[in-house]
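Working notes for the structure below.
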Amino acid sequence: MGDEDWEAEIIKPHVSSYVPVFEKDRYFSGANGDTFNRTPTSSSEMDDGPRRDHFMRSGFAPGRSLGNRDAGESNKREITSTMGGFGVGKDFGNRGFSNNKFEEGDRFGFWREAYNDCEDNQTRNRGFSKRGGYQDGNDSEASGSSRRGGRGRGGFGLGSPNNECEQDEGTQRIGGPFGSKRPTLSGSGNGDIYQSRGGSGSRRGGYKGLNEEVITSSGKNSWKSEAEGGESGDTQGPKVTYIPPPPPEDEDSIFAHYQTGINFDKYDTILVEVSGHDAPPAILTFEEANLCQTLNKNIAKAGYTKLTPVQKYSIPIILAGRDLMACAQTGSGKTAAFLLPILAHMMRDGITASRFKELQEPECIIVAPTRELINQIYLEARKFSFGTCVRAVVIYGGTQLGHSIRQIVQGCNVLCATPGRLMDIIGKEKIGLRQVKYLILDEADRMLDMGFGPEMKKLISCPGMPSKEQRQTLMFSATFPEEIQRLAGEFLKSNYLFVAVGQVGGACRDVQQTTLQVGQYSKREKLVEILRNIGDERTMVFVETKKKADFIATFLCQEKISTTSIHGDREQREREQALGDFRCGKCPVLVATSVAARGLDIENVQHVINFDLPSTIDEYVHRIGRTGRCGNTGRAISFFDPESDSHLAQSLVKVLSDAQQDVPAWLEEIAFSTFVPGFGGSTRGNVFASVDTRKGKSTLNTAGFSSSQTPNPVDDESWD
Ligand SMILES: Nc1ncnc2c1ncn2[C@@H]1O[C@H](COP(=O)(O)OP(=O)(O)OP(=O)(O)O)[C@@H](O)[C@H]1O
């Protein structure tokens with residue numbers, strides 16, 4: 001299908017009920033842009049013009065080529081800035097990297113580039129800009145490049161006039177006249193409207209966003225800190241007013257869980273490697289952990305009867321007070337592996353925080369890269385600490401700062417936070433760090449990469465933060481590239497232990513992986529075909545850019561497939577709504593960017609479809625890990641476009657064969673033809689750090705048998 005056909009197919013009359021309602025003229029700002037008003041329109045007011053605009057702005061204007069992912073090209077663009085993308089003749093979906101150069105400055109530079117919407121998960125920049133929105137065909141999703149824009153300004157207007165207007169207002173001031181809200185979808189496939197309420201510009205656009213997605217050296221995304229001017233509401237940017245609804249308080253909801261799957265017992269056959277000195281032996285049962293009675297009760301209520309391998313090894317290590325870097329496959333229980341021993345310690349040692357203290361000084365800080373994930377970790381912490389005096393609190397971006405503060409002042413022992421919000425709160429002196437005994441980095445490789453690494457470094461050097469010798473630091477992930485392991489040394493005591501369950505960076509074997517060769521222009525058709533076969537089973541569809549997420553979700557709704565979407569340009573309330581609709585099955589299809597790739601534990605996700613493959617293999621591993629969790633089986637289907645995905649061929653072949661999956665001959669051929677001597681399996685070096693990079697001698701055991709001890713590796717010391 002040519003570009004023209006693509007366009008022709010999109011702009012067809014019956015799209016009307018799925019596209020946003022907006023009219024440029026209904027948005028206006030004051031002369032200096034500091035007022036923003038909008039008048040909602042009704043769907044009946046729609047006509048072809050706006051609909052066409054929507055798609056134009058969404059990046060599907062005529063004459064574009066899709067899928068150019070030329071990193072080199074994008075480097076150039078970084079310098080020449082963000083013209084790329086969505087205008088006629090522009091590229092869509094490029095995977096260029098904006099490299100390691102973070103464009104800290106030039107917050108105002110984007111004004112000079114007005115009308116260039118630059119947004120791409122892949123190239124997320126530092127979060128400025130993404131202006132508001134209305135662009136006649138020049139809206140460029142650009143290309144992989146300079147995107148200073150960070151948050152999408154998105155652009156297509158119109159949100160409902162509710163309190164979000166307030167939070168958008170400030171952004172509009174900075175961000176441009178139109179648009180205000182990120183797209184909202186409520187696709188139900190039965191005529192519901194996939195409303196792209198506009199303007200990704202809103203609060204996150206236009207000024208530096210909260211947890212802003214930024215590009216990393218590896219092309220991976222990460223999120224920008226609110227602390228650097230984000231939503232804290234200090235001097236820059238609008239006030240964020242969203243207050244998330246409190247989670248249900250009844251015991252049934254707190255302990256709700258899904259069943260382990262048929263392969264849960266097979267976890268015991270996975271090889272486990274422990275390296276470092278004097279590792280305590282693994283435990284085989286919860287009883288051996290000798291946890292307090294309340295914790296044991298909570299474990300039972302959560303339906304846990306048997307430890308997973310990462311729990312068998314990590315729990316005694318943490319109980320022994322050791323620092324730990326643990327790597328285990330997706331969905332294998334890493335959260336409980338750190339929460340249980342920490343809570344046990346806190347129960348044993350007593351806690352100091354109380355609602356009557358003026359300054360809250362949590363004993364434990366847990367950080368994770370996304371809001372939804374940190375919220376999930378919080379819910380787990382709340383579950384396991386139920387009925388104890390330990391109080392867990394969660395704070396994350398996209399919500400009202402005052403709300404976060406109110407949560408904290410009521411007493412805070414375990415603080416679960418996204419990095420940006422955490423740094424904001426620390427900056428405001430709302431918490432003290434002197435009592436921190438446990439620091440946990442979940443998805444630690446992400447937390448230490450170019451996106452979050454600087455924040456994490458700031459965190460450990462904050463006044464009052466105990467040194468690494470005085471606190472216990474724990475890192476967990478399913479992937480741990482070697483270079484990130486090396487960085488981690490700065491955070492961990494030199495004698496930390498390293499636990500690898502299975503192969504570091506390997507995919508979960510309970511996920512049946514299929515790779516299909518599908519060209520860019522056949523993807524939608526193939527997607528619909530697959531989804532129709534799948535029926536109502538819960539499916540996550542990963543795409544590479546935020547706009548594409550909107551577009552594909554709109555498209556699926558149009559095809560009468562109930563769909564919602566989650567990505568970084570949606571309001572937090574919309575993100576949570578989308579996740580809720582997906583969790584409860586109202587929308588069995590969730591189109592997502594990488595923001596949903598890590599950690600999310602959603603019951604019954606039976607399928608993951610990589611509509612676009614990610615740029616790195618570890619991202620792939622995390623994405624497909626949204627299914628096949630906790631011993632359940634799942635399926636992952638990936639569309640491999642040789643035009644754009646060849647760089648991934650070798651690492652994909654490795655992941656597939658390591659997980660004992662069929663490797664298509666054509667993929668092997670591509671991998672062979674793109675063979676790079678010294679290949680390490682990822683776009684950023686050897687993803688398969690099959691051992692602790694300290695190269696300490698380690699022991700291989702199947703889970704459940706204690707490891708022997710590790711001889712003193714010569715270069716251990718050099719880590720510190
Ligand atoms: N011992 C256990 N028995 C039963 N269920 C468990 C056990 N441990 C964890 N689970 C459940 O397994 C699911 C996956 O756990 P969790 O989210 O901690 O995985 P994870 O290893 O952190 O995955 P990811 O790498 O994707 O972040 C959760 O629903 C959790 O409650």
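Sort Lys523, Lys468 from largest to smallest accessible area, using a 1.4 Å probe on the heavy atoms of the protein chains.
Lys468, Lys523
Order of 661-670, 431-440 by packing, highest average Cβ count within 10 Å first? Let's see the in-between values first.
Numbers: 661-670: 16.0, 431-440: 20.7.
In decreasing order of mean packing, 661-670, 431-440 become 431-440, 661-670.
For the pairs Lys312/Lys357; Lys297/Lys586; Lys334/Lys654; Lys383/Lys560; Lys239/Lys437; Lys334/Lys457, flag any whose C-alpha to C-alpha distance is greater than 27 Å.
Working: Lys312/Lys357 37 Å; Lys297/Lys586 33 Å; Lys334/Lys654 24 Å; Lys383/Lys560 38 Å; Lys239/Lys437 33 Å; Lys334/Lys457 23 Å.
Those over the limit are Lys312/Lys357; Lys297/Lys586; Lys383/Lys560; Lys239/Lys437.
Got a sec to turn the phi values of segment 323-338 into Karplus ³J(HN,Hα) couplings, 6.51 cos²θ - 1.76 cosθ + 1.60 with θ = phi - 60°, whole Hz, x for Gly and Pro?
The phi angles translate into 6, 8, 10, 10, 10, 8, 4, 4, x, 10, x, 5, 4, 5, 4, 9 Hz.
Taking the Cα centre of segment 602-660 as the origin and placing charges on Cβ (Lys, Arg +1; Asp, Glu -1), which of Asn604, Gly625, Ile637 is farthest toward the positive end of the dipole?
Checked the options; the winner is Asn604.
Using protein chains only and a probe of 1.4 angstrom, how many square angstrom of Arg524 are accessible, to the nearest 10?
Near enough 10 Å² of accessible area.
Just add up the charged neighbours of Arg382: K/R +1, D/E -1, any other residue whose Cβ is under 13 Å from the Cβ of Arg382.
Working: positive: Lys301, Lys383, Arg391; negative: Glu249, Asp250, Glu251, Glu380.
Spelling it out: positives minus negatives among the neighbours equals -1.
Quick one: how many Å² of Ile426 are accessible to a 1.4 Å probe, rounded to 10?
Here the accessible area works out near 20 Å².
Amide H neighbours of Asn610 under 5 Å, counting only residues 5+ apart in sequence or on other chains, H built in-plane at 1.01 Å?
It is Phe542, Ile637, Ser638, Phe639, by chain and number.
Rank these residues by their accessible area, most exposed first, probe 1.4 Å: Arg486, Arg538, Arg421, Arg391.
Greatest to least solvent exposure: Arg486, Arg391, Arg538, Arg421.
Calculate how many DSSP beta bridges within segment 251-501 are antiparallel, expressed in % of all such bridges and rounded to the nearest 5.
Numbers: 4 of 30 bridges.
Around 15 percent of the beta bridges assigned by DSSP in segment 251-501 are antiparallel ones.
Which percent of the accessible area of segment 511-674 is formed by carbon and sulfur heavy atoms (probe 1.4 angstrom)?
44
The values are calculated or read from the model by the stated rules, or taken from the named source; none is laboratory data. Quick caveat, the model's predicted, so the values are computed rather than measured. Glycine also receives a Cβ, built like all others from the backbone with ideal geometry; neighbour counts cover every protein chain displayed. Areas reflect the complete protein model, heavy atoms only, side chains present, ligands, DNA and RNA absent. Shrake-Rupley method; radii C 1.70, N 1.55, O 1.52, S 1.80 Å.
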